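Read the structure below first, then the notes.
Bear in mind these aren't lab numbers, they're just calculated from the coordinates by the rules spelled out. Keep in mind that this is a model prediction, so the values were computed, not measured. Quick reminder, even Gly has a Cβ in these numbers, built from the backbone with ideal geometry, and neighbours come from all protein chains shown.
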Ligand SMILES: N[C@@H](CCC(=O)N[C@@H](CS)C(=O)NCC(=O)O)C(=O)O
């Protein structure tokens, strides 16, 4: 059984959603962020960051430990043989949108969070810069989702990568009337495995 260390954050939910959608049995250990980290988590990731998982039945039947929510998502999809289009062009496009979630949306959303909540000196012009950048990224997604049902047509790891980051920024999508993005999110929210994944992260 896969042991997963997680928490109710976008990264933590990405891992639980991935395991639920891929139908891989796992046990979730919900970790208190900022607190003492369980030994099992530190053995996989000495940084103590969630999510991290241990799969005793990894490739070749050997155990594997993994951190990084995107790596866990791709591992689960590969193990289950799901959510990655067979067509090579569609696969390349899936990676393009997954990277958009991983390197543009996620980090910008996190930066807004840190600037608004954790950086000691609040600088409104800097917050506005990153906030506008995030709105621009979400608007780009909205345009894309006005043309396709899911990011690459069929449901893929790109959608599963993005959805947890979207959840935190849903109010922004509502405030800017990003109807296609909201339609996409409602379709994902209606999936029982996604609902279970969000709940399992705590
Ligand atoms: N890039 C990593 C980021 C992992 C990360 O930053 N995890 C945070 C929570 S979302 C964490 O565990 N922080 C340690 C703590 O707050 O105690 C991923 O996608 O998994």
√(5λ) per eigenvalue of the Cα gyration tensor, the stretch 88-191, largest first, Å
26, 15, 11
Please order 54, 176 by the number of other Cβ within 10 Å, starting at the fewest.
176, 54
Determine, for 49, 124, 55, 159, the number of other Cβ atoms within 10 Å of each Cβ, and report the residues in order from fewest to most.
124, 49, 55, 159
With only alpha-carbon pairs counted, each pair once and no self-pairs, how large is the Kirkwood hydrodynamic radius of the stretch 1-85 in angstroms?
12.7
Taking 0.36 nm per intervening residue step and subtracting the Cα-Cα distance, what contour gain separates residue 91 from residue 133 on full extension?
12.4 nm
The chain: antiparallel DSSP beta bridges as a percent of all, rounded to 5
65
Quick one: Debye curve from the C-alpha atoms of the chain, no solvent, what's log10 I(q)/I(0) at q = 0.08, 0.09, 0.19 Å⁻¹?
-0.27, -0.35, -1.38
Separation between Cα centres of the stretch 54-74 and the stretch 147-177, rounded to whole Å:
26
Mind ranking 110-120, 2-12, 184-194, 92-102 by how tightly packed they are, going by the mean number of other C-beta atoms within 10 angstrom, highest first?
2-12, 92-102, 184-194, 110-120
